[in-house]
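**Q** Attaching a single structure in structure tokens format; questions to follow.
The values are calculated or read from the model by the stated rules, or taken from the named source; none is laboratory data. Every value quoted in this text rests on a predicted model; they were computed, and no experiment measured them. Quick reminder, even Gly has a Cβ in these numbers, built from the backbone with ideal geometry, and neighbours come from all protein chains shown.
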Amino acid sequence: MTDTYGILIDYHWCTGCHSCEIACQMEFGFAIGQGGIKVFEIGPWQIEGDTWQFDFAPVLTDQCDGCANRALAGKQPTCVHHCQARCMTYGPLSELAIALADHRKQQLYSL
Ligand code: SF4
Ligand code: SF4
């Protein structure tokens, strides 16, 4: 039995640079505004004192095919490869699930 693969996004470290979006758009030739991943901005708003809500949350869309052709060639998904902050990890879901339990502000996608 082969492992199902996924992408773990540790958005605590996401800078909102949009490189993942652009890399996906260029790889697949998606139209402007479309793509396999979109980066959303949450905040900023003040919670209390010096504590602020301000995050960037990358989300996979229905146009993501998990970079199936790259996976067959033994390569990482192009969004993961181009992530400037190295906050995206590609691997077997069983391994990523262990890392997911480590701290908050992470999202795990099955491909
Ligand atoms: S895995 Fe591939 S298709 Fe999916 S968002 Fe990343 S670059 Fe786009
Ligand atoms: S490339 Fe990485 S750091 Fe930049 S927006 Fe995407 S997930 Fe965040």
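**Q** Name the pairs: first residue in segment 24-40 and among the basic types (Lys, Arg), second residue at pLDDT 95 or above, Cβ to Cβ under 7 Å, at least 6 apart or on different chains?
**A** Cβ pairs passing all conditions: Lys38/Glu21; Lys38/Val59; Lys38/Thr61.
**Q** While we're here: Evaluate segment 11-32: report whether one residue or more is over 16 Å from Lys105 (Cβ atoms) and modelled with pLDDT under 95.
**A** Among the residues of segment 11-32, at least one is over 16 Å from Lys105 (Cβ atoms) and modelled with pLDDT under 95, which makes the answer yes.
**Q** Quick check on my filter: what residues within segment 33-83 are within 14 Å of Cys17 (Cα to Cα) and exposed (fewer than 11 other Cβ atoms within 10 Å of the Cβ)?
**A** Glu41 - this is the single residue of segment 33-83 that is within 14 Å of Cys17 (Cα to Cα) and exposed (fewer than 11 other Cβ atoms within 10 Å of the Cβ).
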